[in-house]
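The values are calculated or read from the model by the stated rules, or taken from the named source; none is laboratory data. These figures come from a predicted structure and were not determined experimentally. All accessible areas refer to the heavy atoms of the entire protein, side chains included, with ligands and DNA or RNA removed. Shrake-Rupley method; radii C 1.70, N 1.55, O 1.52, S 1.80 Å.
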Amino acid sequence: QVQLVESGGGLVQAGGSLRLSCAASRTIFRINALGWYRQAPGKQRELVARITSGGSTNYADSVRGRFTIYRDNGKNTVYLQMNSLKPEDTGVYYCNGDISLSIGLLPKNYWGQGTQVTVSS
């Protein structure tokens, strides 16, 4: 069984930066499209940023210009660089991706377990 594993969360002051990583728990063929989501207390989970297998990206209006999603295909890892963090960026960040476990298999969708990001004012 494969899982997506997030890392890089933590506590940071407003204006600071964090980089989140999302990788598979074991060797896979490829991560295809992948999105970073966040969920603040009492709020619905929302899409923050998404990247396709070809590298096209899109962002929520609230993070555009501050966050950057990118991928390292050699490491099968997707990153979310978060700069100029604000207290309203606080929440649990999840990655969700379509994973091809091996060549010839159709991709399946997986969620990570989440990593906490807390931005203090």
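Here the accessible area of the chain is 48 percent carbon and sulfur, with a 1.4 angstrom probe and all protein chains present.
DSSP bridge analysis restricted to the chain gives an antiparallel fraction near 85%, rounded to the nearest 5.
Think of a 1.4 Å ball rolled over the protein heavy atoms: the chain then has 53 Å² of accessible area per residue.
In the assembled protein chains, Arg71 presents an accessible area of approximately 40 Å² (probe radius 1.4 Å).
For the chain, what relative contact order do you get, as a whole percent, if you take Cα pairs closer than 8 Å and at least 6 residues apart? Spell out each step's value before the answer.
Working: 303 pairs, mean separation 44.0, N = 121.
After rounding, I find 36 percent.
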